[in-house]
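**Q** Got a structure here, written out as structure tokens. Questions coming.
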Amino acid sequence: RGTLRSEESDQPDYELDPTWPAEFPSVLNEPCQVAGVAIAKDGSILVLNRGENHWMPSSGYRQEKIQKPAVLVFDSQYGRLTDSWGEGLFVMPHQISVDQAGNTWIVDCGQDKVFKFDQAGSLLLELGSDEISFRKPTDVVVLSDGSFVVSDGYSNARVAMFSPDGRMIHQWGRKGKEPL
């Protein structure tokens, strides 16, 4: 939980709440890597985790789909697990967000895909075909008109913009030739 330090500072001062979540989710059986957190339209907290797949920068990661729930849904007040979903869908989930309509978006850099789900976790859209050719996408931002932008930065070094129905409209950026 966070509060502002003072009127002069816009930096939040966070305090650890050791009672949140109420308990470690039994659906996981072991600690996991959390890839992202989002707030659903109803105020619940969505936690995107990598289950048994762990990203190790020096050695990469497992290529198999995660067999445990990748999305954990907690009530915001007490941290009780109220739902979980996403078993067998993701390899290396990288980011989660919720759009203005309440849809959940997940980027999986392990499968080079972007997914859109409804509030109940049912798949609405999956992008990442040969035509689009994502290469380790990292995030998605949904605009007010329903169009969305995907950062496809680890390998393609580009940004791609899509219509609300998932048709690519435009892309920009490319890898440079100079060392950083």
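The values are calculated or read from the model by the stated rules, or taken from the named source; none is laboratory data. As the structure is a computational prediction, the values presented were derived from the model and not from experiment. So basically every Cβ, Gly included, is an ideal-geometry build from the backbone, and we count neighbours across all protein chains shown. Just the protein is used for accessible areas: all its heavy atoms, side chains included, with ligands, DNA and RNA removed. Shrake-Rupley method; radii C 1.70, N 1.55, O 1.52, S 1.80 Å.
**Q** Leaving ligands, DNA and RNA out of it, report the carbon-plus-sulfur percent of the accessible area of the range 117-180 at a 1.4 Å probe.
**A** Taking all protein chains in place, the range 117-180 shows 51 percent carbon and sulfur surface.
**Q** Still on this structure, I have one more. Name the aspartates and glutamates eligible as straight-distance cross-link partners of Lys41: C-alpha to C-alpha under 13 Å, and not fewer than 8 places from it in the same chain.
**A** Within the straight-line cut-off, Lys41 pairs with Asp75, Asp99, Asp118.
**Q** Using modelled backbone amide H atoms (1.01 Å from N, in-plane), which distant-in-sequence or interchain residues come within less than 5 Å of Gln33's amide H?
**A** Distant-sequence amide H within range of Gln33: Arg50, Gly51.
**Q** Using the Karplus curve 6.51 cos²θ - 1.76 cosθ + 1.60 with θ = phi - 60°, work out ³J(HN,Hα) for each residue of the range 159-165 in order, rounded to whole Hz, and write x for Gly and Pro.
**A** 10, 10, 10, 10, 6, x, 8
**Q** Still on this structure, I have one more. For Lys136, tell me the accessible area in Å² from a 1.4 Å probe, rounded to the nearest 10.
**A** Using a 1.4 Å probe on the heavy atoms, I get roughly 60 Å².
**Q** If you don't mind, another one. Students often forget the sequence filter, so: which lysines lie under 24 Å Cα-Cα from Lys65 once same-chain residues fewer than 8 apart are removed?
**A** Lys113, Lys116, Lys136
**Q** Relative contact order for the range 54-180: what percent, with Cα pairs under 8 Å and sequence separation of 6 or more?
**A** Working: 260 pairs, mean separation 16.7, N = 127.
Relative contact order for the range 54-180 comes out at 13 percent.
**Q** Of the chain, which part is the longest with no GluC sites (Glu not before Pro) in a loop (DSSP not H, G, I, E, B) and with at most 11 other C-beta atoms within 10 angstrom?
**A** It runs 65-130.
**Q** A follow-up question, please. In a shell of Cβ-Cβ distance under 12 Å around Ile96, excluding Ile96 itself, what net charge do Lys and Arg (+1) and Asp and Glu (-1) give?
**A** -1
**Q** Here is a further query. FRET efficiency for Trp172 and Arg80, Cβ-Cβ distance as r, R0 = 25 Å, nearest 0.05?
**A** 0.05
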